[in-house]
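The values are calculated or read from the model by the stated rules, or taken from the named source; none is laboratory data. Keep in mind that what you see is a predicted model, and the values were worked out from it rather than measured. Here the Cβ positions follow ideal geometry from the backbone for every residue, glycine too, while neighbour counts run over all protein chains shown. The accessibility values were calculated without ligands, DNA or RNA, using every heavy atom of the protein model including side chains. Shrake-Rupley method; radii C 1.70, N 1.55, O 1.52, S 1.80 Å.
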Amino acid sequence: MKTFPFIYNQPKEFLNFLQPKEWADFFLGELNPRFSVTTTKAKVIDIRDETADAKTFVLKPNWLWKGFLSGQHVPVTVEIAGRRVTRFYSLSSHPNDKYLQITVKRQKGGLVSNFLNQNTKKGDILEIGEASGEFVLSKELPKELLFLAGGSGITPIHSILRDLQALNYNGKATLLYFVRSVDDIILKSSIDLIEKNNQWLTVHYILSDVPKEGYTSGFLTKEILDQYVPNLKSTSVYVCGPSPMQTKALSLLEGLPVKSELFLLPGQNLTNVKKEGTVDVYLSLSHKTIQVKGERSILDELEEQGIYPQSGCRMGICHTCVCKKQAGAVTDLSNGEKSQLGEENIQICVSRAESNLELEL
């Protein structure tokens, strides 16, 4: 009988059969939901309202947490309607702080951002992953820095400003933070305090929708850059914000050293198309063939038919949904490139079917 444990002749095989880590997780979880030997879990110990649609969550992680660099982000996994869903959020705290902080702004159609803002309360447990990302300070700090932030793009920049403060930065930094109105400024009290305590930092809040006396109004333009950053050609730039702002920034800053980070909502960067007819998608592990329109991501069209492959961020970052394409062609919706026919690994959350496909699902 194959399931009888004593057929395993090697200790390692027997331990694998017993799944000791899963048993340990179960019993530890009964003692304290934050305890685990396999998963980084964090207890929500405080929640602060930043604006009408943004909150800061203060987190106490378990012993599996490995730390982070200012500017990095973490995957946050929650269960919504029986499904595990993962999104990435930048850490707004400093690595030396006692606890972690993520600051989450509600997004229109944002499944996780709305869930966290509506449902998460003090004492809840969130599952987080390892910090990652290259939106960090270089080892040799530039003499002049420009930070361009839009909306919730301020969160990693806030952490970087805290890091410059801890490093006793002696250069010059300018923050241009673009928001719709004064009421939409996230982490304002903390940013103002950093500016007050550090002569190297100058902050300008620029209002795009609701003007107010004492504040600049408008969007990112060459004129605004010239006004506030006269030595732009000798400045290193960090950009984080909505896609239109980043596109504009990169065109205005061409030729300069620029670091940028952009988190897109699922589907935000995916150009949907209208097609006639359907294409066949053969799922080789399930021995099942389904028809899809090839108008949206493969993941979306599979889920529409009640098929839920493993997935995470749904924006091409975490690679949880990678599978082997054994035949057929797809378009990579993150860059518009069409793949070659034949075998390759694809991310089904950012791939659209262009022909009949065979997938190892």
Can you report the number of residues in segment 222-234 which are in contact (Cβ under 8 Å) with a residue 12 or more places away in the chain and polar (S, T, N, Q)? 2
When you check residue 86 against the structure, is it within 16 Å of residue 54 (Cβ to Cβ), in a strand (DSSP E or B) and of a type outside the set (Gly, Ala, Ser), yes or no? no
If residue 63 satisfies all but one of (1) over 18 Å from the mean Cα position of the chain (by Cα); (2) in contact (Cβ under 8 Å) with a residue 40 or more places away in the chain; (3) surrounded by fewer than 16 Cβ atoms within 10 Å (Cβ to Cβ), what's the number of the condition it fails? (2)
From the option list 68, 57, single residue qualifying as hydrophobic (A, V, I, L, M, F, W, C) and more than 22 Å from residue 189 (Cα to Cα) is 68
For segment 327-352, which positions are over 18 Å from residue 112 (Cα atoms), of a type outside the set (Val, Ile, Thr), outside any strand (DSSP E or B) and open to solvent by less than 30 Å² (accessible area, probe 1.4 Å)? 328, 329, 333, 339, 342
Out of 247, 289, which single residue is open to solvent by 60 Å² or more (accessible area, probe 1.4 Å) and part of a strand (DSSP E or B)? 289
Hey, could you check segment 57-91 for residues that are of a type in the set (D, E, K, R) and out of contact with any helix residue (DSSP H, G or I) (no Cβ under 9 Å at 6 or more places or on another chain) and say which is nearest to residue 125 (Cα to Cα)? 60
Hey, among 280, 300, which residue is at pLDDT 85 or above, outside any loop (DSSP other than H, G, I, E, B) and over 25 Å from the mean Cα position of the chain (by Cα)? 280
The one condition in (1) under 22 Å from residue 288 (Cβ atoms); (2) under 26 Å from the mean Cα position of the chain (by Cα); (3) at pLDDT 80 or above that residue 338 fails to fulfil: (1)
May I ask you to say which residue of 69, 91 is at pLDDT 95 or above, surrounded by 21 or more Cβ atoms within 10 Å (Cβ to Cβ) and not hydroxyl-bearing (Ser, Thr, Tyr)? 91
Looking only at segment 224-247, how many residues end up being over 22 Å from residue 182 (Cβ atoms) and out of contact with any helix residue (DSSP H, G or I) (no Cβ under 8 Å at 6 or more places or on another chain)? 10
Before we move on, is residue 179 buried (at least 16 other Cβ atoms within 10 Å of the Cβ), touching a helix residue (DSSP H, G or I) at 6+ places or on another chain (Cβ under 8 Å) and closer than 25 Å to residue 230 by Cα? yes
Contacts under 7 angstrom Cβ, first residue in segment 294-307 being within 16 Å of residue 359 (Cα to Cα), partner assigned to a loop (DSSP other than H, G, I, E, B) and open to solvent by less than 30 Å² (accessible area, probe 1.4 Å), 6 or more apart: 297/270; 297/333; 299/309; 299/311; 299/321; 302/309
Name every residue in segment 42-60 that is surrounded by fewer than 22 Cβ atoms within 10 Å (Cβ to Cβ) and in a strand (DSSP E or B), in order of residue number. 43, 44, 45, 46, 47, 48, 49, 51, 55, 56, 58, 60
Every residue from segment 306-326 that is in contact with a helix residue (DSSP H, G or I) (Cβ under 8 Å, 6 or more places away or on another chain), part of a loop (DSSP other than H, G, I, E, B), on the phi < 0 side of the Ramachandran plot and not small (Gly, Ala, Ser): 308, 309, 313, 315, 321
Looking only at segment 303-319, and only at residues there that are at pLDDT 80 or above and of a type in the set (D, E, K, R), the one that is farthest from residue 112 (Cα to Cα): 304
Identify all residues within segment 121-137 that are of a type in the set (Val, Ile, Thr) and open to solvent by 50 Å² or more (accessible area, probe 1.4 Å); write none if there are none. 125
